[in-house]
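The structure under discussion appears below in the form of structure tokens.
The values are calculated or read from the model by the stated rules, or taken from the named source; none is laboratory data. This structure is a prediction, so every number in the text was calculated from the model and none was measured. Here the Cβ is made from the backbone with ideal geometry for all residues, glycine too, and neighbour counts use every protein chain on show.
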Amino acid sequence: MTFRRLTEAEKSQLVRQGCRVEDWEALNVGENFTPDHIHNSWFSGENYIGRLDGAPLGDGEITGTAGIYSSRLHGCRIDDEVRICNVGQLANMDIESGSMIENVHSLTVASETTFGNGISVDVLNEAGGRSIRIFDRLSAQLAYIMIFYRHRPELIRRLESLIDQYVQTKRS
């Protein structure tokens, strides 16, 4: 996605809608951006915002419209069609398309993280000894192999190497 600076008309509209921006030069928007669905929000740091055209989001039980409402963002990258509403502090986060974040006091990242990817957990043995490195693409089949095929150390080493490589792609 390519980004651009806000036009003067977009800046004026955001101000009329109750928004505050610490540094207008640090607020970057996608080519198809419209400010219509950003209200009463505050931006600081370098932010990148995609298209927020008020599209309906949700799965039927939890719904809302895309936009940023009554929230504070610092150093975030917001993809297309995201709903952020009543968030006290959202800092240093990448929010993917279709996400909904509502009524959260603080959601921040202060230092480098892998968001739980690569963490080792003990399974099937309360005394330890059978650990597995979890990651967001772990399947039941792969977990089975990594736990029950310990007698194949080269296989386990190669799988763990692949997991390590994947975890590095998630580091922020």
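Pick from segment 112-129 the residues that are farther than 28 Å from A66 by Cα and small (G, A, S): which of them is surrounded by the fewest Cβ atoms within 10 Å (Cβ to Cβ)? Can you show your working first?
Kept after step one, since they are farther than 28 Å from A66 by Cα, are these residues of segment 112-129: 112, 117-129.
Checking the rest, the ones that are also small (G, A, S) come to 118, 120, 127-129.
Numbers: G118: 17, S120: 9, A127: 6, G128: 8, G129: 10.
My answer is A127.
Report, by residue number, each residue of segment 7-16 that is free of Cβ contacts under 8 Å to residues at least 24 places away in the same chain and either buried (at least 16 other Cβ atoms within 10 Å of the Cβ) or farther than 21 Å from C85 by Cβ (or both). Passing the criteria: T7, E8, A9, K11, S12, Q13.
Residues L73, L138: which one is at pLDDT 95 or above and assigned by TED's automatic domain parsing to the domain that holds E22?
L73
For segment 61-104, a residue qualifies if it is surrounded by 17 or more Cβ atoms within 10 Å (Cβ to Cβ), assigned to a loop (DSSP other than H, G, I, E, B) and not acidic (D, E), and the qualifying residues are A66, S71, G75, C76, V82, N92, M93. Residue-level check: of (1) in contact with an Asp or Glu (Cβ under 7 Å, 6 or more places away or on another chain); (2) surrounded by fewer than 13 Cβ atoms within 10 Å (Cβ to Cβ), A140 misses just (1).
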